[in-house]
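J.: The structure that follows is given in the form of structure tokens.
The values are calculated or read from the model by the stated rules, or taken from the named source; none is laboratory data. Computed from a predicted model, the values in this text were never measured in an experiment. Heads up, the Cβs are rebuilt from the backbone with ideal geometry, glycines too, and the neighbour counts pull from every protein chain shown. Only protein heavy atoms, including side chains, enter the accessible area calculation; ligands, DNA and RNA are left aside. Shrake-Rupley method; radii C 1.70, N 1.55, O 1.52, S 1.80 Å.
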Amino acid sequence: MAEFLAKLQLNSDSAGMNHLQLFLICLAGWINRNQQNVIEYLQEEVEVLREQLGKKPRFNDDQRRRLATKAKKIGLQRLKKVVAIVTPRTLLGWHQRLVANKYDGSAKRSPGRPSTPGEVRELILRMAAENRTWGYTRIQGALPNLGHEVGRGTIAKVLKEAGVDPAPDRQKRTTWKEFLRAHWEVLAAADFFTVEVWTAAGLVRYHVLFVLRLATRQVHVAGIIPEPHEQWMKQAARNLTDGLQGFLGGCRYLIHDRSSLFSDGFRMVLEGAGIESVLRAS
């Protein structure tokens with residue numbers, strides 16, 4: 001491989017690197033990386049087999065973690081050609097369990113009053129949205145018709161947490177549906193999702209900030225970072241509102257949730273560009 005790359009370098013020095021040579025260099029590098037991943041996996045597998053020598057294979061958690069970490073880099077198809085002691089799907093299943101265990105908070109949970117079921121919560125919010133004159137008592141009286149007995153205080157709590165006003169104030173305000181219909185062409189929405197990435201330090205969760213223009217369904221990735229912070233969010237807002245290439249050019253409203261990541265500083269940058277933040281109800 002080194003000799004092959006050296007020849008390509010010599011040719012590029014004498015005649016200038018053409019597109020084919022550049023493609024071959026990239027391909028050679030990619031092949032070399034994949035071969036290295038396979039070698040590392042086989043080395044780890046051999047080490048585990050030595051530890052299991054003379055016994056029926058029974059893996060401990062550390063052995064599963066080591067094999068799963070290496071196997072994930074190779075992929076299912078290549079694993080079928082190299083694994084010998086367990087099936088490829090077993091290895092990838094161990095990797096999925098690693099990811100799941102990272103966010104398993106069951107051991108930290110404490111007993112308490114059960115929360116309102118999601119189905120009931122959605123019914124309460126829907127009734128309040130579709131019947132602007134209904135107060136807590138009227139909603140409470142309608143729920144038994146659908147098979148749910150809910151206290152008035154619970155209904156008030158659900159609506160308050162979702163940012164829904166009591167009936168008298170709710171009648172005076174524009175509904176969410178009416179607002180969307182009136183401003184559809186100048187609306188955008190922002191939110192986060194996360195991805196798991198294997199790094200030199202292990203499994204790391206990255207946050208991805210993305211923005212959607214509602215009228216065109218166009219999606220823009222505004223930034224990727226392990227842990228978002230105030231200065232990073234303000235810079236993302238500046239990039240989005242840039243006068244020449246900002247993705248939010250022509251927008252008047254940006255919808256986002258009540259996360260602390262969408263801080264006062266973030267909203268101030270938007271306001272400076274003439275864009276108003278709209279907090280999502282739920």
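J.: What do you reckon, how do Cys251, Cys26 stack up by accessible area (1.4 Å probe), largest on top?
T.: These residues rank, largest area first, as Cys26, Cys251.
J.: Sticking with this one: How much length is gained if the chain between Lys80 and Met268 is pulled fully straight, taking 0.36 nm per residue apart and subtracting their Cα-Cα distance, in nm to one decimal?
T.: Working it through step by step, the gained length comes to 62.3 nm.
J.: Kirkwood hydrodynamic radius, computed over distinct alpha-carbon pairs, for the stretch 220-282: how many Å, to one decimal?
T.: About 12.0 Å, per the Kirkwood formula over Cα pairs.
J.: Here's another thing I want to ask about it. For the stretch 160-282, take N as its residue count and report Rg(C-alpha) divided by 2.2 N^0.38 Å.
T.: That works out to 1.18 for the stretch 160-282.
J.: For Asp257, list long-range residues whose amide hydrogen, built 1.01 Å from N in the peptide plane, is under 5 Å from its own amide hydrogen.
T.: Long-range HN contacts for Asp257: Arg280.
J.: Hey, another quick one. Can you tell which of Ile224, His207, Ala237 lies farthest toward the positive end of the dipole of the stretch 196-240, using +1 and -1 charges on the Cβ of basic and acidic side chains (Lys, Arg; Asp, Glu)?
T.: Ala237
J.: To continue, here is another question. Order the peptides 132-138, 233-239, 221-227 from the highest to the lowest mean number of other Cβ atoms within 10 Å of their residues.
T.: Answer by packing, highest mean first, reads 233-239, 132-138, 221-227.
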